[in-house]
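Below: one structure, written as structure tokens.
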Amino acid sequence: MDVRLSHKVLCRLPVVAGVLLLCAGQPLRAESACNLSKPAGPVILTLTGDIACTNAPGRADFDRSMLESLGMRKLTTRTHWHDRAVAFEGPLARDVLAAAGAGGKTARAVALNDYSVEIPLSDFEAYGVLFALKQDGRFMRVRDKGPIWITYPRDQHPELDTKTIRDRWIWQLRTLEVR
């Protein structure tokens with residue numbers, strides 16, 4: 001077998017290298033690494049829209065243990081609904097989106113009561129936004145704004161103390177429609 005490269009192949013290498021360099025700065029979708037298991041427990045979050053990984057027809061369903069397996073992070077911050085700082089725990093929103101191979105620029109977050117709000121996905125990248133499952137060490141029930149509450153690190157980023165961001169603190173999150 002002749003392992004020498006022809007002049008024709010060598011001349012094309014810079015083109016291939018240029019394409020690789022152009023792609024190097026782009027975020028990768030998890031299309032090739034889709035290994036989203038099916039929920040074993042009750043589904044508490046559904047992602048739809050611009051997602052590459054599904055475990056049900058046209059959607060990615062998550063139960064609580066699936067969300068926990070993405071890594072629980074802690075965030076202590078003040079809210080407009082408490083008179084003290086509250087400790088939240090849950091996966092980073094960006095990790096949940098990555099698990100579903102999400103693309104897009106925004107997400108429409110929909111609560112159990114059909115309240116909805118549009119959230120730029122850049123929020124999830126720029127800040128450690130949590131899909132909080134726990135408040136002060138206890139899993140949140142529906143009457144406690146659970147089972148999922150989108151929480152922002154307000155104390156760590158004073159610029160997040162606005163009405164626009166406050167409206168994005170959606171509790172009883174049910175569905176995220178990625179657009």
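Bear in mind that the values in this text are calculations on the coordinates, not laboratory data. Since this is a predicted model, take the numbers as computed values, not measurements. Here the Cβ positions follow ideal geometry from the backbone for every residue, glycine too, while neighbour counts run over all protein chains shown.
Observations on the structure shown:
- Take the Cα of Asn113, step 7 Å toward its Cβ, do the same at Asp95, and the gap between the two points is 3.0 nm.
- Residues Met72 and Lys105, FRET efficiency given R0 of 41 Å [Cβ-Cβ distance, rounded to 0.05]: 0.90
- Each label point was placed 7 Å from the Cα along the Cα-to-Cβ direction; for Glu159 and Ala33 their separation is 2.8 nm.
- When you count the other C-beta atoms within 10 angstrom of each residue and take the mean per peptide, 159-171, 60-72, 131-143 line up highest first as 60-72, 131-143, 159-171.
- Each residue of region 94-110 was assigned a 3J(HN,Hα) from its phi angle through the Karplus curve 6.51 cos²θ - 1.76 cosθ + 1.60 (θ = phi - 60°); the sequence is 5, 6, 5, 4, 5, 4, 9, x, 6, x, x, 10, 9, 9, 9, 8, 10 Hz, with glycine and proline shown as x.
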